[in-house]
Amino acid sequence: MCGIIGYIGNKDACELIIAGLKSLEYRGYDSAGIAVAHSGKLEIRKAEGKIDSLIGKKLFENVAGTGGIGHTRWATHGAPSDENAHPHFDCTKTVAIVHNGIIENYTELRDELKSQKHKFISETDTECIAHLLEGKKDLFAALKELHKKLKGSFAILAISAHDNALYAIRESSPLIIGIAKDELIFASDVPAVLAHTNKVVILEDGDIVKAQDGRYEIYNAHAKNGVERKVRTIDWTYDMAQKGGYAHFMLKEIHEQGIAVRNALKSDIRAAVEFVKNATEIEVVACGTSYHAGLVFQYIMKGLTHKKVSAYIASEYPYTNCSSQGTVAIAISQSGETADTLNAVKIAKANGAKIIAVTNVIGSSLDRLADATCLLYAGPEISVVATKTFIAQLTVLYRIAFECIGKKGGLEEVANVIEDVLTKESEYKKLAQEMKDEEHFFFIGRGIAYPIAMEAALKLKEITYKHAESYAAGELKHGPLSLISDGIPVIAIAPKDETFQKTVNNLEECMARKGKGIAVSEQEIPKARLIRMPAVEAIYAPMVYIVPMQMLAYYIAVANGKDPDRPRNLAKSVTVE
Ligand code: F6R
């Protein structure tokens, strides 16, 4: 969602903030802006549009100063517009702020401020924060008071025209400080600081920070005593967050999936395995692609261990009467910041469940809430759509399931098979060219192939904007079969397991109604077009069969002139419910 960056040091703040904002573009946004302090004044430049186009319009020219803040906005309160873009400022234009999250009590704050004659320019929930800070000589003290007034989730950076300092406050929305020599970089996300440093402080809820002269001071609104935050070294590099010669991050990340499996094999899963072995019941909570990984886990875990495992869409979890002592909840989230997943985890925890986090981000909110964390080690995933983190999640989840029954090995070979599948890229590209004008797609599968049909449909719809649906193959004749008509592509995920023949039968039912049958399988299916898969032990099919589906979605998006890295309306890290 929105991206935040702040810089205080001795270099040109504007240039560095723009570079930081560009590295946060992947989070999804509709407008951008900066505020830089210089000679007792704040220079604020902001507008609707993408950063490159705003640079083209010379929006950010002639802004001097060595301290400033910047923001990419993903609209929540108020449409995308120049006025609603951040930073927002008070009536005197001496305080500017940027904000991620939602201020839940903004209506009453706004009414109160209006009655005190504050003039509002935007429709945002954010602007009231700037007015609440108006006229405050000591912003550090003012933020401590502000924390008591605000309800909701917020990561806020504030800058004043009158001192050469940056201020920050965090509650339920991620914020980090990058620590470099004589300069401090605040950001909502690690990739934005990697050009400067890999040393970071991950701020916690209630943290209020003053940064000046290369030093920072942290006060915590919830802590009784002082706070100490450790400086962590992140093993991500600047190069990892670059395209490295690929046309898009998505394509690069698809190609990194063999490595993603190998890296996820290094994850320390021992504590998680102990929890799972001792659990009376296992619940999985996650959203989107991570939920699909959770569904695969549900199938394989039930099949291997006969334990009770239930996967829930995290946003639906509050409406189920779940969790108790003895339950283990596995929360899967590449970002570790997905609000729906965090909310489900808090409910499970309150009901007495132990929490296992499967996440790519060390120090994320999910990591900190969990009793045991399995890190993915997938490196930064910049494309909005999840690919390599999905494969890494599956790797970790398979390992947990295998450890429960003492099964060894197998996944190293899966990494090689994935790389073998990736060598067939030109075939998938050719198929995508042939299918680029189709408007409707159906994906079907049974058993562990069903979540892969779901994931294939999600990938396709989110980056091509085409209509894609997924069904448990056996469900077609209970309704959706009426949608199959002349030439509609039906893609069957058909690994050679006990589901194969039934899935073939369901595909034939579609072809009998003139649907265009396509099989993702290691075996030919009469009359259907084959996307041939290498022979692989059936249990690993989800990790291998998803790869051509990611490629198909990617190349159909590109063939239609869509940017697969930044699909419309979507954000990488969904920090609101
Ligand atoms: C799809 C996609 C989303 C995420 C979902 C959960 O390509 O990326 O569906 O999987 O928003 O995100 P995380 O895993 O960060 O909790």
query = Of Thr233, Ile17, Leu397, which is farthest on the positive side of the dipole of the chain, counting Cα position, with +1 on Lys and Arg Cβ, -1 on Asp and Glu Cβ, and the Cα centre as origin?
reply = Leu397
ask   = Where the only charges are on Cβ atoms (+1 Lys, Arg; -1 Asp, Glu), what is the dipole of the chain about its Cα centre, to the nearest 20 debye?
value = 300 debye
message = Through the Karplus equation 6.51 cos²θ - 1.76 cosθ + 1.60, θ set to phi - 60°, convert the phi angles of the range 51-57 into ³J(HN,Hα) values in whole Hz; use x for Gly and Pro.
response = 4, 4, 6, 5, 5, x, 8
task = Would you work out the charge dipole size for the range 243-423 about its Cα centre, treating the Cβ of every Lys and Arg as +1 and the Cβ of every Asp and Glu as -1, and quote it to the nearest 20 debye?
result = 340 debye
request  = Figure the gain on full extension for Lys477 and Thr280 (residue separation times 0.36 nm, minus the Cα-Cα span) and round it to one decimal in nm.
outcome  = 67.3 nm
Only Lys, Arg (+1) and Asp, Glu (-1) charged, at Cβ; the range 149-250 dipole about Cα centre in debye = 180 debye
note = Given a Förster distance of 30 Å, the FRET efficiency implied by the Cβ-Cβ spacing of Arg513 and Lys436, rounded to the nearest 0.05, works out to 0.80
task = Taking the Cβ of each residue in Glu15, Glu183 as the centre, tally the other Cβ atoms inside 10 Å and list the residues starting with the fewest.
result = Glu15, Glu183
Interchain or long-range residues, amide H under 5 Å from Ile531's placed H = Ala519, Val520, Ser521
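Restricting to Cα pairs below 8 Å that are 6+ residues apart, what does the relative contact order work out to for the chain? Please round to a whole percent.
Working: 1327 pairs, mean separation 69.3, N = 577.
Normalised by residue count, the contact order of the chain is 12 percent.
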ask   = Can you give the angle from 0 to 90° between the axis of helix 339-350 and the longest principal axis of the chain, with both taken from C-alpha atoms, to the nearest 10?
value = 90 degrees
query = In what sequence do Val309, Val358, Val504 fall when counting other Cβ within 10 Å, fewest first?
reply = Val504, Val309, Val358
query = So what are the three principal axis dimensions of the chain from its Cα atoms, in whole Å, longest to shortest?
reply = 76, 52, 44
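Estimate the FRET efficiency between Lys496 and Ser310 by the formula 1/(1 + (r/R0)^6), using the beta-carbon distance for r and 25 Å for R0, to the nearest 0.05. Provide the component values of the computation, followed by the final result.
Numbers: r = 28 Å, r/R0 = 1.11.
The calculated FRET efficiency here is 0.35.
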inquiry  = For a quick check: sort His99, His147, His440 by the number of other beta carbons within 10 angstrom, fewest at the front.
reply    = His440, His147, His99
query = Taking the Cα atoms only, what angle lies between the long axis of helix 13-23 and the longest principal axis of the chain, rounded to 10 degrees?
reply = 20 degrees
ask   = Calculated from DSSP H runs of 4 or more alone, at -39500 (n - 2.57) each and per residue, what is the 222 nm mean residue ellipticity of the chain, nearest 500?
value = -10000 deg cm²/dmol
query = What full-extension length gain, to one decimal in nm, is calculated for Leu530 and Asp563 as 0.36 nm per residue of separation minus the Cα-Cα distance?
reply = 9.1 nm
task = Please give the helix 425-435 orientation as an angle from the longest Cα principal axis of the chain, in degrees from 0 to 90, rounded to the nearest 10.
result = 90 degrees
remark   = For Thr387, other-chain or 5+-apart residues with amide H closer than 5 Å (H placed, Pro excluded) are none
request  = Would you kindly derive the ³J(HN,Hα) couplings of the range 569-575 from the backbone phi angles with the Karplus curve 6.51 cos²θ - 1.76 cosθ + 1.60 (θ = phi - 60°), listing them in order in whole Hz, with x for Gly and Pro?
outcome  = 6, 9, 9, 5, 10, 9, 8
task = Would you mind computing, in nm to one decimal, how far apart the modelled labels at Asn105 and Lys149 are, each placed 7 Å from Cα along Cα→Cβ?
result = 1.1 nm
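No lab work stands behind these numbers, since they all come straight from the coordinates. These numbers come from a predicted model, not from an experiment. With ideal geometry, Cβ positions are generated from the backbone for all residues, glycine too; neighbour counts draw on all protein chains shown.
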